Amino acid sequence: MNELRRVLWMAVALFVMQLEAYAASDATPQSVEALRQQGYTVKNIAPIFGQLLMTAFPPGFTTVFEKTNGGHYIREAVLQGETVDKWTEMLTITADKGLAANVNLSPQKFAEIKAGGFKNACPTSFNAKVLGEGKISGYDGFVVVLSCGTSPASAGETSESTLEVIIKGESDYYTIQWAKRDEKSATPIDIKPAEWTQRFHLLAPIKLCPIIPGEAAPYPSCIDQK
C-alpha cells in the first residue's frame with residue numbers, strides 16, 4: 001500500500017468516526033452553518049467544469065470569494081472574522097479547464113511548477129515535502145506541502161505553508177489547498193508531516209464524479225459513489 005493510499009484509508013476511517021456528514025448543497029446556508037458550528041463535517045459538492053467535485057468543508061471556515069474567469073475557477077474560504085486579504089488559514093479550490101489534455105503535464109509536474117513559483121518567491125526560506133502520490137477517487141493525484149518562511153503575499157510579515165492536493169480529472173485539473181500563515185522565518189519552516197496529514201484527513205472525502213444530466217443538488221449519485 002503506497003503512502004497516499006495509506007493516508008486515504010486513514011482519512012476514510014477518521015471520517016466514519018466523525019459525526020454524521022451532511023451534504024452542504026442539501027440545505028439552506030443557515031442550517032448548514034448551524035451544523036458546522038456544532039462540529040458536524042459538511043460535504044460540499046459542486047459542478048466545476050466537466051465534473052462534480054466533493055470535499056469536506058471543515059468547521060470555522062466561510063467562503064469569501066468565488067470566480068470563474070474563462071477556463072480558470074477559484075473559490076476561497078477563510079476562518080470566520082478574517083478576510084480574503086488578512087487571514088491565518090485559507091481553503092482554496094481551483095480548476096483549470098481542459099488542462100488534462102496536456103500530455104506533457106502530470107499531477108507531479110503540476111506540483112513541481114507550483115513549487116518553482118514558491119522557490120522563486122522565497123529562495124532562502126523555501127521548503128517542500130511530498131506526502132504521497134497515487135489514485136484519488138480513481139484519478140491520478142499528488143499531495144505536497146509547499147512553504148515560504150517569508151511570504152511575499154503578506155509583504156514578508158508572515159510565513160505561508162500550503163497543503164496542495166492536485167488531481168488530474170477526466171478533462172480538467174483540480175486543486176484543493178489548505179494554507180496557513182504563521183510567524184515569519186528567515187530560514188525554511190520545518191514541515192511536520194503529521195500536522196499536514198491531519199489537514200488532509202479533514203478534507204476527506206475528496207471525490208470527482210460525473211455530472212449526470214438533469215440531476216440537481218445534493219447530487220446523490222456522487223454522495224453514493226464509492
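Kindly check whether there is at least one residue in region 101-114 that is closer than 19 Å to Phe200 by Cα, of a type outside the set (Phe, Trp, Tyr) and in contact with a Lys or Arg (Cβ under 9 Å, 6 or more places away or on another chain).
Let us first name the residues in region 101-114 that are closer than 19 Å to Phe200 by Cα, namely 107-108, 110-111, 114.
Retained after the next criterion (residues that are of a type outside the set (Phe, Trp, Tyr)): 107-108, 111, 114.
Those left that are additionally in contact with a Lys or Arg (Cβ under 9 Å, 6 or more places away or on another chain): 107.
Within region 101-114, one or more residues are closer than 19 Å to Phe200 by Cα, of a type outside the set (Phe, Trp, Tyr) and in contact with a Lys or Arg (Cβ under 9 Å, 6 or more places away or on another chain).
Every residue in region 87-109 that is in contact with an Asp or Glu (Cβ under 9 Å, 6 or more places away or on another chain), of a type in the set (S, T, N, Q) and outside any loop (DSSP other than H, G, I, E, B), please.
Across region 87-109, the qualifying residues are Thr92, Gln108.
Going residue by residue through region 133-147, is there one that turns out to be farther than 25 Å from Ala194 by Cα and either among the hydroxyl-bearing types (Ser, Thr, Tyr) or touching an Asp or Glu at 6+ places or on another chain (Cβ under 7 Å) (or both)?
Initial filter on region 133-147 (farther than 25 Å from Ala194 by Cα): none.
No.
Give region 43-62 a look and list any residue that's of a type in the set (Ser, Thr, Tyr) and within 13 Å of the chain's Cα centre (by Cα), or say none. Show your work before the answer.
Here is the first cut: in region 43-62, the residues of a type in the set (Ser, Thr, Tyr) are 55, 62.
Matches in region 43-62: Thr55 only.
Name every residue in region 192-226 that is outside any helix (DSSP H, G or I), among the aliphatic types (A, V, I, L, M), modelled with pLDDT of 95 or more and touching a Ser or Thr at 6+ places or on another chain (Cβ under 6 Å), in order of residue number.
Across region 192-226, the qualifying residues are Ile206, Leu208, Ile212.
Conditions (1) closer than 29 Å to Gly138 by Cα; (2) assigned to a helix (DSSP H, G or I); (3) modelled with pLDDT of 90 or more, marked per residue:
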position	(1), (2), (3)
Glu33	no, yes, no
Asn44	yes, no, yes
Pro47	yes, no, yes
Leu52	yes, no, yes
Val64	no, no, yes
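Out of all the residues in region 138-149, which are touching a helix residue (DSSP H, G or I) at 6+ places or on another chain (Cβ under 9 Å) and surrounded by fewer than 21 Cβ atoms within 10 Å (Cβ to Cβ)? Spell out the reasoning first.
Within region 138-149, the subset touching a helix residue (DSSP H, G or I) at 6+ places or on another chain (Cβ under 9 Å) is 139-148.
Scanning region 138-149 gives Tyr139, Asp140.
Could you list, in sequence order, all residues of region 157-180 that are in a strand (DSSP E or B) and of a type in the set (Ser, Thr, Tyr)?
Taking region 157-180 first, the residues in a strand (DSSP E or B) are 158-168, 173-180.
Thr158, Ser159, Ser161, Thr162, Tyr173, Tyr174, Thr175, listed by residue number.
The values are calculated or read from the model by the stated rules, or taken from the named source; none is laboratory data. Keep in mind it's a predicted model, so treat the numbers as computed, not measured. FYI the Cβ positions are ideal-geometry reconstructions off the backbone, even for glycines, and counts take in every protein chain you see.
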